[in-house]
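Comments concern the structure below.
The values are calculated or read from the model by the stated rules, or taken from the named source; none is laboratory data. Quantities reported herein were computed from a predicted structural model and do not represent experimental measurements. For neighbour counting, all protein chains shown are included, and Cβ atoms are generated from backbone atoms with ideal geometry for every residue, glycine included.
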Amino acid sequence: MKMKKSALLLLMCTASLAGNDCLAQTDTVKIETELQQDQDFYYRNKYRYLDVRLGDEDRLLKIGVQPFKPSDNFNFLVFTLHGGFEQKITTSFSAVTELNSVMTWTEEQAFHQQGISLGGRYYFLKKKEIEQGRSGDNLQGVYGLFKMSDLLSLITIREQDSDPDPFSRDLLLERSLRGSLTPEIGIGYQQRLDYHLYFDSALSFNYNIPDDDFGFQISFLFGVLFSYTK
C-alpha cells in the first residue's frame with residue numbers, strides 16, 4: 001500500500017514538473033516571437049527609410065499645404081495650397097515651377113492670390129552625400145534657392161461694403177491680373193518622409209522691384225509627391 005502511495009506521489013511530481021517545463025517553454029517561445037516581431041518591424045521601417053533616401057529620381061510632382069505662413073507683420077491667418085514640378089538638371093541643380101494659392105483673412109477683408117513662380121535649386125551637399133553613400137541621386141537635402149516669385153498672379157479681394165446703411169451686407173468683389181518682378185533667394189531643406197509624403201521648409205528674402213519693397217518668407221510645406229526616373 002505504501003509503495004502504491006509512493007509511486008502515485010512520484011507520478012504526480014513528475015507530471016507537475018513536466019507541466020511547469022512546458023509552460024516555461026511556452027513563455028520563452030512567446031517572448032522570442034514578440035522580440036522577433038519587434039525586430040522585424042524595426043528593420044522593415046529602417047530599410048524602408050533607407051530606400052527613400054538612397055533611391056534615385058529625376059523629377060518630382062508635388063502637392064502640399066502650408067497651414068500657416070508668417071508674413072513680415074507675423075499675421076498667421078494665412079493658408080497656402082502649393083503645387084510644384086521639379087526637374088533635375090544635373091546632380092546638384094534642379095529647375096522648379098510652382099503654382100501657389102494663398103488665402104488670408106481679416107475681419108474686414110478676404111484676400112486670395114494665385115501666382116506662378118519660376119526658379120531653381122542648388123543641392124550643395126548632394127555630391128558629397130552620394131560619395132559617402134548617404135544619399136541617392138535625388139532631390140532631397142539642403143538646398144539654396146533662387147526664383148522669380150509670382151511672375152503672374154490672379155488676385156481676388158472680398159471686403160465689406162463701406163455703405164453706411166446698417167441693413168446692407170453686400171460684399172465688394174474685385175479681381176485683377178497682375179505681373180511682378182520679385183527675385184527671391186534663400187535656403188531650405190526638402191525630405192521625403194515616405195514613398196509619397198514629403199516635407200519642405202525654407203527661409204528666403206525677396207525684393208519687389210516695382211514697389212521697391214523688401215520682404216521675407218518662412219515656409220513649412222507638407223504634402224504628397226510622385227517621383228519619376230528616366
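Tally time: how many residues in segment 204-214 are over 22 Å from GLY83 (Cβ atoms) and either in a strand (DSSP E or B) or under 17 Å from the mean Cα position of the chain (by Cα) (or both)?
5
Within the set ASP163, ASP194, the sole residue that is under 15 Å from VAL52 (Cβ atoms), at pLDDT below 85, not in a strand (DSSP E or B) and not hydroxyl-bearing (Ser, Thr, Tyr) turns out to be ASP194.
Residues of segment 101-120 that are crowded, with 18+ Cβ neighbours inside 10 Å and more than 27 Å from ASP56 (Cα to Cα): VAL102, GLY115. Pairing residues of segment 207-219 that are assigned by TED's automatic domain parsing to the domain that holds GLY188 and more than 13 Å from GLY188 (Cα to Cα) with residues that are modelled with pLDDT under 85 and assigned to a loop (DSSP other than H, G, I, E, B), at Cβ distances under 7 Å and at least 6 apart in sequence or on separate chains, gives GLY215/ASP72; PHE216/ASP72.
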